[in-house]
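Right, one structure below, let's go through it.
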Amino acid sequence: MEHKIEQYLVDSIKAMGGICYKFISPGNNGVPDRIVLFKGQICFIELKDHGRHPRLLQVHEMDRIESQGFTCMVIDSKEQVDMLIQKLIGGDFL
C-alpha cells in the first residue's frame, strides 16, 4: 500500500507543476523517502503504510531536518497527500 500512496504523491505533485524527488542519502539511514519542491517551498516526506509509524532512526533524522527549519511530514494515506497539496497551494511552507 505504501507504494500506491507514494505513486499518488509523485503524480499529484507533478500534476500541479512541482517536483517530487526520491531522497536517498548514502551512509545516512533513516532519511525521509521524498523531497517535495513547489514554488519556493520544500517539504521532506516519510511515507508509511496506513497506520504505521516511523522507526526511531527515522524520527531522529526528521527531527534533525526540522531543527534546520525545514518541514517534515509522515504520510500514510491519499487523504494526507491531498492535505499536503492544499498546504503547498496555500504557501504554508514559506
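Quick notes on this structure:
- Measuring r between the beta carbons of His3 and Leu37 and using R0 = 22 Å, the FRET efficiency lands at 0.55.
- Comparing Pro26, Gly51, Gln80 along the charge dipole axis of the chain, the residue lying farthest to the positive side is Pro26, per the Cβ-charge model.
- Most mobile of Leu84, Leu47, Leu56 in a GNM of the chain (Cα contacts under 10 Å): Leu56
- Choice from Arg64, Arg34, Arg55 showing the highest fluctuation, given a GNM over the chain with Cα pairs closer than 10 Å: Arg55
- Under 17 Å, Cα to Cα: Lys pairs in the chain, sequence gap 8 or more or different chains: 12
- The stretch 19-53 versus the stretch 71-94: alpha-carbon centroid distance in Å: 12
- Charge dipole (debye, nearest 20) of the chain; +1 at Cβ of Lys and Arg, -1 at Cβ of Asp and Glu: 180
- Under the Karplus curve 6.51 cos²θ - 1.76 cosθ + 1.60, θ = phi - 60°, whole-Hz ³J(HN,Hα) for the stretch 31-45, x wherever Gly or Pro sits: 5, x, 6, 9, 10, 9, 10, 7, 6, x, 10, 9, 9, 9, 10
- What the Kirkwood sum gives for the stretch 7-94 is a hydrodynamic radius of 13.2 Å, with every pair of different alpha carbons counted.
- Length added when fully stretched, Asp11-Gln86, from 0.36 nm per residue minus Cα-Cα: 25.5 nm
Here, each number is a calculation from the coordinates, and none is a lab measurement. Please read these numbers as outputs of a predicted model, since none were measured by experiment. Don't worry about glycine lacking a Cβ; one is built from the backbone with ideal geometry, like all the others, and counts go over all protein chains shown.
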